[in-house]
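The values are calculated or read from the model by the stated rules, or taken from the named source; none is laboratory data. Quick caveat, the model's predicted, so the values are computed rather than measured. Heads up, the Cβs are rebuilt from the backbone with ideal geometry, glycines too, and the neighbour counts pull from every protein chain shown.
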């Protein structure tokens, strides 16, 4: 909190808000006695800056940026304009904010409600997570299919799938399972996670590991099912039919796993899914039944009807894949290698958009 109010008043309001570092209060006079190096240290410790001038606000923003922080600054007056311009994200009040503040800011709150900022952060984290989920699902599934074909050619084995069957898999699953991940709701603990680094790549080390690891598991599942099918007397077309069904089951199992990048999928909520997920899975199951048993699709994709035993063999790799990946999640979490996962405690109090209720009356502490 950076305000022109008295230090005692500002500290009292900060404590009521549960603001981190509310016990550390610096005034404008204190800032005048600090050089830039000392201010960088104090800016990370203090939670309240009182009796400040526009120059003080600008110095605090610059001190935080010099330490590598991404700074969002909220203000409404002319004296906030310099710091709003300097901040990485300037946020001005749309109703009571001055024209100077609105022109200097990148974002204008049309309702003057701080809860809108919290809601925006919540939505932004959800969208970013969903982008990562789509990537984490798409790359390994396609990588596993390609790696299985490459491995079969390298070892002189019969191809486990034909080109047109791979086209079927990518067409049916990409427009169903891959699409629904974009509509996933926020994971539990979304607002308790520490902020990610501004320099963090979209393909983090965990994501790269997951792409390689899942691709290998898919390859093992494809080659294993194909070898079992041939070994138990199925002809090449029937064996490939079992393999395609196994790939679809594995991709469904992986979908439920990747829906929770920051937590376990083996929960009631994870198993229940969302309406979009359940609808997509139902569409894939119906499409695979037609792929396997409809005569015109059998002629088009060179498939054969399979029996109950072969159907269970196609389901097995999907269950095994999900079990292995859940164990992997637990091991990586215990080793502290699970990425930007939720953590309890710390300086930041976990908040959600629903914690804030819009008020009809104006806030007496607008600064």
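Side notes on the structure shown:
- The set of residues in the range 249-268 that are closer than 26 Å to residue 127 by Cα and in a helix (DSSP H, G or I) comprises 250, 251, 252, 253, 254, 255, 256, 257, 258, 268.
- Neighbours by Cβ (under 7 Å, 6+ apart or cross-chain): first from the range 214-227, assigned by TED's automatic domain parsing to the domain that holds residue 322; second buried (at least 21 other Cβ atoms within 10 Å of the Cβ) and outside any helix (DSSP H, G or I): 222/160; 223/160; 226/160
- Condition check for residue 173: in contact with a helix residue (DSSP H, G or I) (Cβ under 6 Å, 6 or more places away or on another chain), surrounded by 16 or more Cβ atoms within 10 Å (Cβ to Cβ), in the same structural domain as residue 213 (by TED's automatic domain parsing) and part of a helix (DSSP H, G or I): yes
- Enumeration of residues in the range 147-179 that are under 31 Å from the mean Cα position of the chain (by Cα) and over 20 Å from residue 302 (Cα atoms): 147, 174, 175, 176, 177, 178, 179
- Leading residue by the ranking (farthest from the chain's Cα centre (by Cα)) among those in the range 17-66 that are surrounded by fewer than 13 Cβ atoms within 10 Å (Cβ to Cβ) and closer than 23 Å to residue 194 by Cα: 41
To keep it simple, each residue is scored yes or no on (1) buried (at least 16 other Cβ atoms within 10 Å of the Cβ); (2) assigned to a helix (DSSP H, G or I).
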site: 108; (1), (2): yes, no
site: 119; (1), (2): no, yes
site: 124; (1), (2): no, yes
site: 131; (1), (2): no, yes
site: 145; (1), (2): yes, yes
site: 148; (1), (2): yes, yes
site: 158; (1), (2): no, no
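- Residue match in the range 195-206 (condition: within 30 Å of residue 156 (Cβ to Cβ) and over 15 Å from the mean Cα position of the chain (by Cα)): no
- Any hit, the range 250-259, residues being surrounded by 21 or more Cβ atoms within 10 Å (Cβ to Cβ), more than 21 Å from residue 166 (Cβ to Cβ) and out of contact with any helix residue (DSSP H, G or I) (no Cβ under 6 Å at 6 or more places or on another chain): yes
- Matching residues, the range 303-320, being within 13 Å of residue 239 (Cα to Cα), exposed (fewer than 14 other Cβ atoms within 10 Å of the Cβ) and touching a helix residue (DSSP H, G or I) at 6+ places or on another chain (Cβ under 7 Å): 305
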